[in-house]
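Participant: Below is one structure. I have some questions about it.
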Amino acid sequence: MTFDDLEIAEPILRAVREKGYDTPTPIQEQAIPVVLSGEDIFGIAQTGTGKTAVFAIPILQMLWEEKQRAAEAASEPAEKDLLSWLPKRKDRRGRRHGKPAGKSNRTIRALVLTPTRELALQIDENFTDYGKHTGLKHTVVFGGVKQGPQTERLGRGVDILVATPGRLLDLIGQGFISLDTITHFVLDEADRMLDMGFIGDIRRIVAMLPDERQTLFFSATMPAPIVSLSKGILTNPVRVEVTPESSTVDTVKQCIYFVEKPDRKSLLVSLLREHDDKTVLIFSRTKHGADNISKILIKANINSAAIHGDKSQSQRQKALADFKAGKVRVMVATDIAARGIDIKELGLVINFDLPDVVETYVHRIGRTGRAGAEGMALTFCSQDDHMMIKDIQKVVGRPLDMRLHQS
Ligand code: AMP
C-alpha cells in the first residue's frame, strides 16, 4: 500500500511526498481511513510508529476540505455581496480582523494535548510539514517560556493548537483560548500524562470541550486507569494497535552488560569509543545522574550534552538542535526529557540505569531501529536489577545477548 491508496487530499499528499514518504507505517495504514471517516480512536502505539501522522494528516485534511467548502459558498454572488457589507473590526494595533488581538480565539478547531514541550514542538513541526500547502494555521503552547509570543500567535487566529496541559489551562483561565469551537481532540501519550500527574488537568480540559467532537486517544500502554480514562472521553471508538513488543524490539540488537555500579562509567567510555561512528542516546534515571555522566564524557573528550527537566527551555532546545544537527554525538537524558527526541539515525541507545518498568525499556529502545533501520541497545545491569532483566527477556521473547564486564 502507498499513501496514494489512502485517499489523502492533493496538497497534503504532495507534502507527504516532499517529506520522502510513500509507504504508510502499519498504524497509518490502519488508522488514517478511520480518522478520516470521523470515528473516535483508541490507539495503542508508541512514539516511533508514525502515530503523529495518524492524527495530523486527517485533521489537516478534514479542516482543509471544510475551508474549501466554505470558500466555495462564500464565492456565491449573493453571499459575497452580503459579506462585503459586514464591518471589519480593528484591533488595538489597527490591524483589521474579526477578533480582538490576544483574546480568546473562536476559530480553534483541533486541539492536540501532549505531555512534554519537546513532544509538543515535534507535533507542531509535523503540522508544519504536512500542512504547508493547505493554508491552515497552527501553533504550539507550553510552559517554561514567556507567554507573550504564544498569545500573539493565538490572537492572529489558529485552526490547530498543540498544547501541554498546564499552559493550556493557564491561557484558558486568562481568556486567551476558548475550547468551545473544538471539533477534533487528540490526547497523545495518555499513559505518560498519567505518570506525570496530569490526570486532573486532563479531566478539566475535557470538561470544557464540546460533546459533539471527534476524539483520538493514544497511549503506548493500556493499564487499568488509562482504560477507565478513555471510557469517559471516547464514543464508540475503533481500537487500533501496533504492538511495540514485536515491531520495535525485533529490529533492535540488544545486549545486557552485567557490570557493578562503580564500573559503569569506564565501561560507558570504552563502549562510546568502540561505537564512535554512531549517534548515541544514554538514559539516566536522575537529572543529577545525567549531568554527572555528561561531565565524565566531556572529560574523556567525548562530545556530549545532557537534557533534563532542570535545564531551561532554551538550553534544552539548543541541546536538541545540536544533537539533531550532528554537532553533539552523544546525548544523556532522563526518560521524560527524552520523549521529545526524534532523531532519524539514532544508532545506539545505552541504558546506563535500568528503568522501573519494562514498558519504559521498550520505549527507550524504540528510539533506535526506527522505520525498519537496524538499531542497537546496550543495557547496564547490576546485582539489584536481575528481576527486571527477566521481565525484559519476557517482553523481547528471545534470548538476549548477555556479557559480563569485569574491571
Ligand atoms: P512518530 O511515531 O509520529 O513520532 O514518528 C516516528 C518517525 O517516523 C518520525 O521521524 C516520522 O517523521 C517518521 N515517519 C512517520 N511516518 C512515516 C512513513 N510513512 N515513512 C517513513 N517515516 C515515517
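Participant: If R0 is 22 Å, what FRET efficiency do you get for Arg17 and Lys324 from their C-beta distance, rounded to 0.05? List each step's numbers first, then the result.
Facilitator: Details: r = 22 Å, r/R0 = 1.02.
The pair Arg17/Lys324 has a calculated efficiency of 0.45.
Participant: Contour minus end-to-end for Arg398 and Glu7, with contour as 0.36 nm per residue of separation and end-to-end as the Cα-Cα distance? Let's see the in-between values first.
Facilitator: Values: separation 391, 0.36 × 391 = 140.76 nm, distance 3.91 nm.
Result for the pair: 136.8 nm of gain on full extension.
Participant: Calculate, axis by axis, the spread of Cα positions in region 252-404 along the three principal axes, and write the results as whole Å, longest axis first.
Facilitator: Result for region 252-404: principal-axis Cα extents of 40, 36, 28 Å.
Participant: Distance between the C-alpha centers of region 1-64 and region 100-169? Whole Å please.
Facilitator: So the separation of the two Cα centres works out to 20 Å.
Participant: Scan around Thr221 for amide H atoms under 5 Å from its own, H built in the peptide plane at 1.01 Å from N, and keep only partners 5 or more places away or cross-chain.
Facilitator: Close amide H contacts, sequence-distant or interchain: Asp191.
Participant: Name the residue from Pro237, Phe198, Pro24 whose Cα lies farthest towards the positive end of the charge dipole of region 3-241, charges +1 on Cβ of Lys and Arg and -1 on Cβ of Asp and Glu.
Facilitator: Phe198
Participant: Write down the accessible area per residue of region 135-203 in Å², having rolled a 1.4 Å probe over the full set of protein chains. All intermediate terms of the calculation are to be shown ahead of the outcome.
Facilitator: On the way: 2340 Å² over 69 residues.
Normalised by residue count, the accessible surface of region 135-203 is 34 Å².
Participant: Still on this structure, I have one more. Could you sort Ser219, Ser228 by their accessible area in this structure, using a 1.4 Å probe and putting the largest first?
Facilitator: Working: Ser219 0, Ser228 70 Å².
Largest to smallest exposure gives the sequence Ser228, Ser219.
Participant: Let me ask something additional. Can you work out the Karplus-derived ³J(HN,Hα) for every residue in region 197-204? Use 6.51 cos²θ - 1.76 cosθ + 1.60 with θ = phi - 60°, whole Hz, and x for glycine or proline.
Facilitator: x, 8, 4, x, 4, 5, 4, 5
Participant: For a quick check: with amide H placed at 1.01 Å from N, whose amide H comes under 5 Å from Gln254's, ignoring anything fewer than 5 positions away on the same chain?
Facilitator: Here the answer is Ala377, Asp401, since their amide H atoms fall under 5 Å of that of Gln254.
Participant: Still on this structure, please answer the following. Which residue, chosen from Pro210, Leu281, Ser304, occupies the Cα position most advanced towards the positive end of the dipole of the chain, where the dipole is computed from +1 (Lys, Arg) and -1 (Asp, Glu) charges on Cβ about the Cα centre?
Facilitator: Ranked along the dipole, the leading option is Ser304.
Participant: Share of antiparallel DSSP beta bridges in the chain, in percent to the nearest 5? Walk me through the intermediate numbers first.
Facilitator: Working: 1 of 54 bridges.
Percent antiparallel among DSSP bridges in the chain is about 0.
Participant: Which one of Ile336, Ser407, Phe380 is farthest out on the positive end of the charge dipole of region 267-407, using unit charges on Cβ (Lys, Arg +1; Asp, Glu -1) and the Cα centre as origin?
Facilitator: The listed residue farthest towards the positive side: Ile336.
Participant: Could you tell me whether region 3-241 comes out rounded, prolate or oblate from its Cα gyration tensor? Rule is a ≥ b ≥ c as square roots of the eigenvalues, rounded for a/c under 1.5, then prolate if a/b exceeds b/c, otherwise oblate.
Facilitator: Details: a/c = 1.78, a/b = 1.24, b/c = 1.44.
The shape class here is oblate.
Participant: Under the rule of at least 5 residues apart or a separate chain, name every residue whose amide H is placed under 5 Å from the amide H of Val186.
Facilitator: For Val186, whose amide H was placed from the backbone, the distant partners under 5 Å are Leu111, Val112, Leu113, Leu216.
Participant: Given a 1.4 angstrom probe, I'd like the percentage of the accessible area of the chain that is carbon and sulfur, rounded to a whole number. Kindly include the intermediate steps, with their values, before the conclusion.
Facilitator: On the way: 9650 of 18810 Å².
About 51 percent, which is the carbon plus sulfur part of the accessible surface.
Participant: Sticking with this structure for a sec: For the chain, give the magnitude of the charge dipole about the Cα centre (Cβ charges: +1 Lys/Arg, -1 Asp/Glu; no others), in debye to the nearest 20. Can you show the working numbers first?
Facilitator: Numbers: 56 positive and 53 negative charges, 392 e Å.
In total the dipole reaches around 1880 debye.
Participant: Within 10 Å, count the other beta carbons around each residue, average over each peptide in 58-66, 109-117, 253-261, and list them highest first. Before the final figure, lay out each step's value.
Facilitator: Details: 58-66: 21.6, 109-117: 24.4, 253-261: 17.2.
Ranked from most to least packed, the peptides come out as 109-117, 58-66, 253-261.
Participant: Sticking with this one: Would you kindly derive the ³J(HN,Hα) couplings of region 3-10 from the backbone phi angles with the Karplus curve 6.51 cos²θ - 1.76 cosθ + 1.60 (θ = phi - 60°), listing them in order in whole Hz, with x for Gly and Pro?
Facilitator: For region 3-10, the Karplus-derived couplings read 4, 4, 7, 8, 6, 8, 4, 3 Hz, x marking Gly and Pro.
Participant: I would also like to ask the following. Apply the a/c threshold of 1.5 to the C-alpha gyration tensor of region 7-54 and tell me whether it is rounded, prolate or oblate. Write down the numbers at each step before the final one.
Facilitator: Numbers: a/c = 2.50, a/b = 1.31, b/c = 1.92.
Note, shape of region 7-54 comes out oblate.
Participant: Over all distinct Cα pairs, what is the inverse of the mean 1/r for the chain, reported as the Kirkwood hydrodynamic radius in Å?
Facilitator: Details: mean 1/r = 0.0439 Å⁻¹.
That comes to 22.8 Å for the chain.
Participant: Oh, and also: Give the peptides 140-151, 160-171, 203-214 in descending order of average Cβ contacts within 10 Å, highest first. Walk me through the numbers on the way to the answer.
Facilitator: On the way: 140-151: 16.7, 160-171: 21.8, 203-214: 14.2.
Highest mean packing first, the order is 160-171, 140-151, 203-214.
Participant: In the neighborhood of Leu354, defined by Cβ-to-Cβ distances under 13 Å, what is the net charge if each Lys or Arg adds +1 and each Asp or Glu adds -1? Provide the component values of the computation, followed by the final result.
Facilitator: On the way: positive: Lys261, Arg264, Arg285, Arg364, Lys390; negative: Asp335, Asp353, Asp356, Glu359, Asp384, Asp385, Asp391.
Overall, the nearby charge balance is -2.
Participant: Quick one: which of Lys132/Lys231; Lys146/Lys261; Lys265/Lys318; Lys19/Lys137; Lys287/Lys390 span more than 29 angstrom between C-alpha atoms? Intermediate results must be reported in sequence, preceding the final value.
Facilitator: Numbers: Lys132/Lys231 35 Å; Lys146/Lys261 41 Å; Lys265/Lys318 26 Å; Lys19/Lys137 19 Å; Lys287/Lys390 27 Å.
In this structure, Lys132/Lys231; Lys146/Lys261 lie more than 29 Å apart at Cα.
Participant: Right, next: Quick one: 3J(HN,Hα) in Hz for region 16-30, Karplus 6.51/-1.76/1.60 with θ = phi - 60°, rounded, Gly and Pro as x.
Facilitator: 5, 5, 4, 7, x, 9, 10, 9, x, 6, x, 6, 5, 4, 6
The values are calculated or read from the model by the stated rules, or taken from the named source; none is laboratory data. Not measured: the values here are computed from a predicted model. A quick note on method: Cβ atoms are made from the backbone with ideal geometry, for glycine too, and the neighbour counts reach across all protein chains shown. The accessibility values were calculated without ligands, DNA or RNA, using every heavy atom of the protein model including side chains. Shrake-Rupley method; radii C 1.70, N 1.55, O 1.52, S 1.80 Å.
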